[in-house]
Amino acid sequence: MNQPVLIAILAIAIAISITVSIAVIVSAADAQAARTIKVIGVGVFVAVAIVLLRHARVSVNFTASMPVGVYSLTSLSPNGVNRGMLVAAGAPIHAAEVGWKRGYLARGPCADGTELLLKSVVATVGDEVNVTAAGVAVNGCLLSHSQPVPRDRSGRRLTPWPVRHYRLRRGQLWLYAANDRSWDSRYWGPAQAANVRARALPLVVLSQQQPPTCSVVRPADGALPG
């Protein structure tokens, strides 16, 4: 068991201990003391959880693109990124600028100062990506929930990546999440492997998302999806 997992388990154990302690004390105290102890206990819990979660290199996801939960982040070199991985990556600079202005992205550790996003790698060097109005196909197979939508939830116009065939070059990735409103390469285009900061592994999630299966077959050199 690696260190991030151990520290995350420790954070959960401490949180449980604090919660139990508060419950025991509150049951034996008068009403005013109980309220004071409860406030202090909640503050301690939040502080401890934040410190431990940051130290453990984890990401807490509340968006609909990926299952809500806690993900462990492990170091990953750009050369180690493979199709099928779930990664924490920065959006391309042109996309990050839009994301920051519109409030899609919070502040974070990326070079442009924005947060990391959890996405699946569905295509790498040599893979064929076919962008259409109906969605994105990788090596001839259409990805579910990959059709771009014309506007965001606030009614602002979204511009999809231009419709055409692409063969990804070295260092390029296509990032995706199986959600109709995922903000991913359907709008950004190819992302850079250098923008990937970590591999993400689910620790505790509230639901499961089936991994994409369309990117496992690679066409022969020169072949385009039909």
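The values are calculated or read from the model by the stated rules, or taken from the named source; none is laboratory data. Note that the structure is predicted; figures quoted are calculated from it, not measured. Here the Cβ positions follow ideal geometry from the backbone for every residue, glycine too, while neighbour counts run over all protein chains shown.
Odds and ends about this structure:
- Subset of the range 105-122 (residues that are modelled with pLDDT under 95 and of a type in the set (S, T, Y)): T114
- Residue within the range 87-104 that is over 24 Å from Q147 (Cβ atoms) and modelled with pLDDT under 65 present: no
- Selection over the range 61-73 of residues that are touching a helix residue (DSSP H, G or I) at 6+ places or on another chain (Cβ under 9 Å) and crowded, with 19+ Cβ neighbours inside 10 Å gives a count of 2.
- Scope the range 193-226; condition modelled with pLDDT of 95 or more and under 20 Å from W161 (Cα atoms); matching residues: A193
- The set of residues in the range 146-169 being over 22 Å from A96 (Cα atoms) and surrounded by fewer than 15 Cβ atoms within 10 Å (Cβ to Cβ) consists of R164, H165.
- Total residues in the range 74-112, condition in a strand (DSSP E or B) and buried (at least 20 other Cβ atoms within 10 Å of the Cβ): 3
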